[in-house]
Each structure stands twice: as C-alpha cells, then as structure tokens.
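Right, one structure below, let's go through it.
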Amino acid sequence: MDAFIIQGGARLSGTIQVSGSKNASLPILAASLMTDQPCVFRKVPELSDTKTQVKILNTLGVETRWEKGAVHTRLRDTDNSTAPYELVKQMRAGVCVLGPLLGARGHATVSLPGGCVIGERPIDLHLRGLEALGAIITLDKGNIHAKAPKGGLRGAEIYLGGTFGSSVLATDNVMCAAVFAKGTTVIECAACEPEVVDLADCLNAMGAKIEGAGSPRITIHGVKRLKGVDWTVIPDRIETATFLIAGALTRSPITVAGGRPDHLIAVLDILKRMGVEVERKGNKMTVVPCERPRATSLTTLPYPAFPTDVQSPILTLMAIAEGSSQVTERIYPDRFMAAAELKRMGANISTSNGQAVIHGVAKLSGAPVMASDLRAGAALTIAALAAEGETRLARVYHIDRGYERFEDRLRKLGARIERVKDTEDPLVIAAAAGQQ
Ligand code: EPZ
C-alpha cells in the first residue's frame, strides 16, 4: 500500500491538463458489448477503475487493447454473460454492464454491487427500470439474474426517480437496454449529468436513436443493431473542480486546461461566492486567488446542481474560509468521511444528519491522515498542500481509482509531494506479520 508525503505551503504555478472523464468512460466502455464491430474509445483515463472495467469486459468476451489513452475493443464471443463478484466488488460501477448485456444478449448475470464507504448503494431503480421493459429479474446468492421475455424487451414509459432523485447509472442501464427494445421508451426523471449525455451521444454515433439526453426526459426508439464507433470521452469535470480548488486553497493562479467550463457552472458559482474568480478562455480556466475565501453554504443535488463528488474538496476550502459555512449532502448523507480527517488537521467541522457546519480557521496543520474514498482522498491531498508542515496520507489506492498520476501532475505545478511505500499502515503490518 502507498502513502503520500506532502510538505505544505508551496505556491503552485503553471498549467495542468484535465484527463478524460472516469464516470463517462465506465458506461461508454460497456457500450462495446452492444456491437460486434470494432470500437475505439479515446482519452479513457488510466485508472484502477477503468482497468477493472476492461477486465470485466474481457470476462464478457470483449477483446481489448489499450494504447496511448485509447481503448480498442472487439466483441469476440458471447459465451459468458456473468460479470463476476470479485471484479464488481472492486468497482460497484461495474453494474453498468447490466443494461448493455440484457439489451444485446437478452440475458445477464451481474453481482449485486454491495455498498461502499460513502453509503449504501442500492440498485432498486436499475431493476425497476429494466422490469418495466419486460425483463424478468431474480436475485440469487448475491447475483442479479436478468432475462428478456420470449418476444424480447418492449419499449415502455418509465419513471426513474428515487428517494434521492435521479440515478446516473440506472439511467445509463435502462437507456442501453432500451436501445434494442421493440418500440419506444420514455425515461422520466432521467439523470441529466454530462456523462449520461456523452453515453447517449456515443450510442447515437453507433446508430441508436436517443433524444433528450441531458434533460429529465429521454426518449429511445428501438433499433436492430449498432455499428462500431471511434469516440472521445468528455473531460473529467470532477477532476477539473478538484484542481481549481487546489489553486484556490494554495492561493495559486494555476490554469486547468482541456476542461468543459459549461459542465461546472454550479461549482464556478460557489467559488465566485467564496471570492475565488476563475478566468475562462475557451477550455482553459485560470484561478484568480484571493487572500482568504469567504464562507458560504450549499446543497449537493443531481446535475446541474452542485455535485456530491466535489463536496469533500469544497469542504477543505470552507475549512480555511472567513466565517461559518454549511453543506447539506442530499445524495449520500453519510459522505463526510473527509471531515473527520480534516479535523485532525485542525479544521473545525461538525456533522450530523447529512449536514456539515464548518467554522473557518486561519490555517490547517499537517498531520497523519487516511483516505477513505477517492474524493475524500483527493480532498485531503489538496488540503495538505495548503497546510503548515508535513502530512502523511495513507491508503492512496483510493485516489488511484479516480485521479490519473495525481502526485506527478501536482508536482509539475510545484507541489512538494511524493509517493512512498506505506510500512506504517496497520493493514500492511498485519499482512507482513501474516507472511512471517
Ligand atoms: C454516479 O454513481 C457516479 N459514479 C458517482 O461518482 C456519483 O457520486 C453519483 O453518480 C452521483 O452523482 C459513476 O458515474 C461511475 P446514483 P451512481 O445512482 O450512478 C440513490 C465518484 O466519486 N440510488 O446517481 O451509482 C443512491 O443511493 C462516484 O466518481 C437509489 O436509491 O449514483 C444515491 O443516493 C462516487 N437507487 C442517489 O440515488 C438506485 O437504484 C444517486 O445515486 C440507484 C441510486
């Protein structure tokens, strides 16, 4: 297991290039199951999550070749339609192969993804949506078995809203299954995230007939088959936001290049309200730092509102802001693991019932902390850049799931950060003891 050692206080400068979107890549790679033609997916970030997705596709009969940020795929056989637990448990988003498999092959078995540290990760909306298309769903020994009825899936009008509003991957799964359904499907209360739009655009480029992606109502007219595609995924808006906040935290006028400002309106609005302007020139965004950010309040909601995946990073900026801020987390009410670790760095944060109150302090101090999920890990990393003294961040494998070569790219901006083997992690010590 690796850790980061970070010396805080360095000013950053220069330009950082945004990677392709992890959350667009995962469902778009799964579209390779829906055609027997070769596909190329470009700007797919090299992350543990995308590598796991490629492994899942390999077990499902898709041959893949990864070169220079492009994944080349070709469906070779359809003998196996079971996505195995040992891979899906590593990355619950592996559930996004369910819709493509059911649509293309008429049957699928995918391990129930289970929960993760940010909260219970139900899939009731996925299953309800697929059943509305006529699928017969059974759960057995931790697996979802989905089967199309004799005549095949049929288009339907589906309301896909849940307790927490729309669902990104449920929208993706139902949209993919509906591509080959007979007739027309309307998804009401569809997720509007840019990653859903990117998937719909990619499927349309393969010959699907999908309208309304990006709005709460998506219409899918069934087609018989899809052709191959050469597709470039959109830039990662969550990574873009993370780097902009790193600039604001360290009062550094860094430029984040290759992003999509139009995917970040809610985040740019909050930064502006906190006194941090971001100059935009095409796809370049440059932070105009302020001496000390102002407190503000926000609620995380489905797109286009403030994204839950930027909640941990913005918490770090609020931790050193002038005044008291409040964050209401409406997507994953338990997603405040970063708060507990930030308090070890001197932050003054209290959390309860999906709300965090943050009383800004002048400075954070370096301390030994631990990543618990990829966004909390990224938040602690950028907090450490601004803190006084040294921070040791354990379990950076969480960060490797969603941020490509994170420490190398931050070092290029002038950050004092290095990756070390973590011999102090209790899990590492226990494992070593077990080997003796
Ligand atoms: C996607 O997960 C993202 N992952 C998550 O990013 C992101 O946090 C999340 O959307 C919300 O924006 C990928 O795209 C791979 P949801 P997803 O279904 O689709 C509830 C990251 O850090 N819900 O939109 O799994 C659910 O519990 C990851 O990159 C149901 O109730 O999330 C949550 O409260 C973390 N029933 C809310 O909906 C369901 O069937 C939104 O979840 C499905 C979801």
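Just checking, does the range 272-280 include any residue being crowded, with 22+ Cβ neighbours inside 10 Å and closer than 27 Å to Leu26 by Cα?
no
Looking at (1) assigned by TED's automatic domain parsing to the domain that holds Thr15; (2) in contact with a Pro (Cβ under 7 Å, 6 or more places away or on another chain); (3) away from the ligand (no atom under 15 Å from the Cβ); (4) closer than 26 Å to Pro45 by Cα, which is the one condition that is false for Ala257?
Unmet condition: (2).
Return the pair list, or none, for Cβ contacts closer than 8 Å from residues in the range 132-160 that are assigned by TED's automatic domain parsing to the domain that holds Arg225 to residues that are among the polar types (S, T, N, Q) and in a loop (DSSP other than H, G, I, E, B), at least 6 apart or on different chains.
Leu160/Ser166; Leu160/Ser167
Scanning for something part of a strand (DSSP E or B), closer than 27 Å to Lys43 by Cβ and within 13 Å of the ligand (Cβ to nearest atom), does the range 268-287 turn up at least one residue?
no
Among (1) touching an Asp or Glu at 6+ places or on another chain (Cβ under 7 Å); (2) within 16 Å of the ligand (Cβ to nearest atom); (3) touching a residue at least 60 places away in the same chain (Cβ under 8 Å), where does Gly366 come up short?
Gly366 satisfies every listed condition except (2).
Among Gly151, Gly106, which is surrounded by fewer than 17 Cβ atoms within 10 Å (Cβ to Cβ) and more than 14 Å from the ligand (Cβ to nearest atom)?
Gly151 is the lone residue from the list that is surrounded by fewer than 17 Cβ atoms within 10 Å (Cβ to Cβ) and more than 14 Å from the ligand (Cβ to nearest atom).
Hey, any hits in the range 177-195 for a residue that's part of a helix (DSSP H, G or I), at pLDDT 95 or above, among the aliphatic types (A, V, I, L, M) and touching a His at 6+ places or on another chain (Cβ under 8 Å)?
Scanning the range 177-195 turns up no residue that is part of a helix (DSSP H, G or I), at pLDDT 95 or above, among the aliphatic types (A, V, I, L, M) and touching a His at 6+ places or on another chain (Cβ under 8 Å).
Could you pull out every one of the helices (runs of 4 or more DSSP H) wholly within the range 322-411 that has 2 or more residues that are modelled with pLDDT of 95 or more and either closer than 18 Å to Asp422 by Cα or among the acidic types (Asp, Glu) (or both)?
Output list reads 374-386, 397-400.
When both residues are 6+ apart or on different chains and their Cβ atoms are under 9 Å apart, which pairs have a first residue that lies in the range 316-339 and is surrounded by 18 or more Cβ atoms within 10 Å (Cβ to Cβ) and among the aromatic types (Phe, Trp, Tyr), and a second that is part of a loop (DSSP other than H, G, I, E, B) and modelled with pLDDT of 95 or more?
Tyr332/Gly354; Phe336/Gly354
For the range 77-98, which residues satisfy the criterion of being out of contact with any strand residue (DSSP E or B) (no Cβ under 8 Å at 6 or more places or on another chain), more than 12 Å from the ligand (Cβ to nearest atom) and at pLDDT 95 or above?
Asp77, Thr78, Asp79, Asn80
With the requirement that a residue be modelled with pLDDT under 95, outside any loop (DSSP other than H, G, I, E, B) and under 26 Å from Phe336 (Cβ atoms), what does the range 412-433 give you?
Pro426, Leu427
Return the residues of the range 166-187 that are within 15 Å of the ligand (Cβ to nearest atom) and either surrounded by fewer than 16 Cβ atoms within 10 Å (Cβ to Cβ) or of a type in the set (Ser, Thr, Tyr) (or both); say none if nothing qualifies.
Once the filter is applied, which keeps residues that are within 15 Å of the ligand (Cβ to nearest atom) and either surrounded by fewer than 16 Cβ atoms within 10 Å (Cβ to Cβ) or of a type in the set (Ser, Thr, Tyr) (or both), the range 166-187 yields Ser166, Ser167, Thr171.
The values are calculated or read from the model by the stated rules, or taken from the named source; none is laboratory data. These figures come from a predicted structure and were not determined experimentally. Counting neighbours? That spans all protein chains shown, and the Cβs are built from the backbone with ideal geometry, glycine included.
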